[in-house]
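Data block below; observations after.
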Amino acid sequence: MKISLEQLGVTLGGQTILNGIELELPANKTVGIIGPNGSGKSTLLQCIYRVLRPTTGAVFIDGVKLERYSMRQSAQKMAVVAQHNYYNFDFTVQDVVLMGRSPHKRALERDNAEDYKIVEKSLAVVDMGGFEHRIFSTLSGGEQQRVILARALAQQTSCLILDEPTNHLDIKYQLQLMDIVCGLGCTVVTAVHDLNIAALYCDQLVAMQDGSIVGMGTPKELLTPEFIRNIYGVQASVMTDESGIVRIFYHPKNQSI
Amino acid sequence: MEQRSVSKKEYRMSNFAFRAILGLLIVAVPASILLAVTFGTTKLPIGDVYTAIRYEVMHRITGQPIPAEWANGAPLHDVVWLIRLPRLILAAAVGACLSLCGVVMQAVVKNPLADPYILGVSSGAGLGVTVAVILGIGSAWGGNYVGMVAFLGALAVSFAVIGCANIGGRATSIKLLLSGAALSAVCGAFSNFLIYINNADHAATEIMRWTMGSLAAANWPNNGIMVLVAVVCSVFFLTQCRTLNLMLLGDSTAITLGTDLHVYRIIYLIISSLMIGFAVYSAGMIGFVGLVVPHVVRLVFGTEHRKLIPVSVLLGALFLIWADVLCRIVLPGNEIPIGILTSMVGAPIFIYLITRKRYGFGGGREG
């Protein structure tokens, strides 16, 4: 699935959050969106997954304007794991993952054996098999996020959008989640805070600053010490390890190394 | 593996328990009506009560004539067929409507404290009733115009409460409850004012009838409409379980799962206002049923609306049938308004719910 953004702009309360974004996201690749807080990463993703309506410009999916699709159709094309997924209700894990089947259901259609099979498979992929009948809100943060990922998988879409899903997770779960997602082989668009994680998992990076795109390329091309200093205002050195993966080392401000 | 097999078994149990309880309730509602019809302020021989009902039913089905001593005008016939039975059927229909409205409103505002009485929607309907009856507004709409005006009153308050609660950011429990209390006070004051200026002599009785609820005015023609509203709305919301579930996840998540909740929210509010309008028109304001019944059902079956709705509807009906029986037998020779009883039970539960730090829509966990 190909996503492209044309002249995408968002103005909220007189403030420009996104400014004429032009972007084409390649299919079946993992694309990371990086940039400091408030640079517009999340806003950009929210325009793609339709929670925000762009003020100007449009999002195109496979060449068709996003508004031309019904909500159901777009939910059949892309699934979302968002940064805030704390729910205070007592749905079971199975109930939550089954909701991932809703875009495939007509109004009166019931969940059938196949849906349950898909739910079981999705939970197995995220290593949460056997948790079907646990109450969602009693799970740990990492487990909850994996269940939400399973729900997204149950949507059976060719594109997955991750809106900083690993924000509140400890490193084990951050890596685990990214491992699962990048092993799926579908189009993945993810906002990432941690540049090392971005370098580890993303094929392509898009850097944002003040609502505009300020750089694009592979982690190796993009993540240079100068670039990191310009975007984030921090000192860092960058090296490439023997397997070709970019590693970033940050330096404290009051200490010259 | 161990855990998986255990949970599979639990799942079957809970599904079995759901079917068993649903079946039990389906039998219990008519059985309760038939049992409750023998209770009342006048003692009647149980055999005679059923004979009277049997003759009426047979007459309606086969056209078989009713012997004079059991027919219209005979005291026993009139007490059973014109007073007790319609009243119990009204109790069942109103109970089902109030309980279902509670479930739907709780989903619409994503807050388990919502209830048509607490949010002032019942008061809105009450104001509609007074305006229609006293000022004759809407009488051009035909025989059920009072119910229709009550529906409009309920609808106006529904949207006003949600509008007020959303002023200056997302609706919180506190804003929602305060808006409900305020609008309820406004509607209550205006309808009491209308009753007073119109009929100061009987005002106290009239106000009591509306604000404390009473099933005493039940009659067959109105019951027909009330039962129709209850059945049609229950069936409608049974088809909406998926969307109601999504409502609890919030607007953004629902969009990513293919449903834009905005339109549904408006439709649900209109339909629940319709139920409240007719319920208040037939039985006055009966509080807390929509709060207590869904809460109890969630404790047992969780939040999934596919289970919550049918069980809540039937349990609401059952609850009001027996509440009405209790109202009639607790004071010998007299009856207490049903709203007093439901508030006695419901208000403490309401207090318990708001004192809990957070409420996970049932599940029996302390927050």
Subject >> Which numbered condition A:ALA58 misses (of (1) in contact with a Lys or Arg (Cβ under 7 Å, 6 or more places away or on another chain); (2) free of Cβ contacts under 8 Å to residues at least 60 places away in the same chain; (3) outside any strand (DSSP E or B)) >> reply: (3)
Original post:
Identify, please: which residue in the stretch B:232-241 is without any contact (Cβ under 8 Å) to a residue 40 or more places away in the chain and part of a helix (DSSP H, G or I) and is, among those, farthest from the other protein chains (Cβ to nearest Cβ)?
Top reply: B:VAL232
Original post:
What about A:LEU160, is it closer than 23 Å to B:LEU257 by Cβ, touching a Cys at 6+ places or on another chain (Cβ under 7 Å) and open to solvent by less than 50 Å² (accessible area, probe 1.4 Å)?
Top reply: yes
Original post:
Applying the selection to the stretch B:92-114, what residues are more than 21 Å from B:GLU206 (Cβ to Cβ) and within 10 Å of the chain's Cα centre (by Cα)?
Top reply: B:ALA92, B:ALA93, B:GLY95, B:ALA96, B:CYS97, B:LEU98, B:SER99, B:LEU100, B:CYS101, B:GLY102
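Of the residues A:VAL206, A:VAL181, A:VAL188, A:VAL192, which is β-branched (Val, Ile, Thr), within 29 Å of B:GLU304 (Cα to Cα) and either open to solvent by less than 10 Å² (accessible area, probe 1.4 Å) or out of contact with any helix residue (DSSP H, G or I) (no Cβ under 6 Å at 6 or more places or on another chain) (or both)?
A:VAL181
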**OP:** Within the stretch A:103-111, identify whether any single residue is within 11 Å of chain B (Cβ to nearest Cβ), surrounded by 22 or more Cβ atoms within 10 Å (Cβ to Cβ) and not aliphatic (A, V, I, L, M), and answer yes or no.
**Re:** yes
Original post:
Among the residues of the stretch B:254-279, which ones are away from chain A (no Cβ under 14 Å), open to solvent by 10 Å² or more (accessible area, probe 1.4 Å) and among the hydroxyl-bearing types (Ser, Thr, Tyr)?
Top reply: none
**OP:** Taking the residues in the stretch B:312-358 that are surrounded by fewer than 23 Cβ atoms within 10 Å (Cβ to Cβ) and under 30 Å from A:VAL97 (Cβ atoms) as candidates, determine which candidate is nearest to the other protein chains (Cβ to nearest Cβ).
**Re:** B:ARG358
**OP:** Kindly indicate the residue of the stretch B:156-173 that is among the aliphatic types (A, V, I, L, M) and within 24 Å of the chain's Cα centre (by Cα) and also farthest from B:LEU269 (Cα to Cα) among those meeting that condition.
**Re:** B:ALA165
Original post:
Among the listed residues B:LEU90, B:LEU85, which satisfies the condition of being open to solvent by less than 10 Å² (accessible area, probe 1.4 Å) and part of a helix (DSSP H, G or I)?
Top reply: B:LEU90
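Report whether or not B:PHE190 is under 27 Å from B:ILE340 (Cβ atoms), open to solvent by 60 Å² or more (accessible area, probe 1.4 Å), within 24 Å of the chain's Cα centre (by Cα) and among the aromatic types (Phe, Trp, Tyr).
So B:PHE190 passes the test.
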**OP:** Kindly check whether there is at least one residue in the stretch A:125-142 that is surrounded by 21 or more Cβ atoms within 10 Å (Cβ to Cβ), part of a helix (DSSP H, G or I) and modelled with pLDDT of 95 or more.
**Re:** no
**OP:** Could you grab me the full set of residues in the stretch B:115-137 that are more than 20 Å from the chain's Cα centre (by Cα) and open to solvent by 20 Å² or more (accessible area, probe 1.4 Å)?
**Re:** B:VAL131, B:VAL133, B:ILE134, B:LEU135, B:GLY136, B:ILE137
Original post:
What's the number of the condition A:VAL97 fails, among (1) at the interface with chain B (Cβ under 7 Å from one of its Cβ atoms); (2) touching a Lys or Arg at 6+ places or on another chain (Cβ under 6 Å); (3) not in a loop (DSSP other than H, G, I, E, B)?
Top reply: (1)
**OP:** Search the stretch A:222-257 for residues being farther than 24 Å from A:ASN37 by Cβ and among the charged types (D, E, K, R), and hand back the single one that is least open to solvent (accessible area, probe 1.4 Å).
**Re:** A:ASP241
Subject >> Segments classed as helices (runs of 4 or more DSSP H), wholly inside the stretch A:187-257, with at least 1 members that are among the aromatic types (Phe, Trp, Tyr) >> reply: A:195-201, A:225-232
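The values are calculated or read from the model by the stated rules, or taken from the named source; none is laboratory data. Note that this is a predicted model, so its numbers are computed, not measured. Heads up, the Cβs are rebuilt from the backbone with ideal geometry, glycines too, and the neighbour counts pull from every protein chain shown. Just the protein is used for accessible areas: all its heavy atoms, side chains included, with ligands, DNA and RNA removed. Shrake-Rupley method; radii C 1.70, N 1.55, O 1.52, S 1.80 Å.
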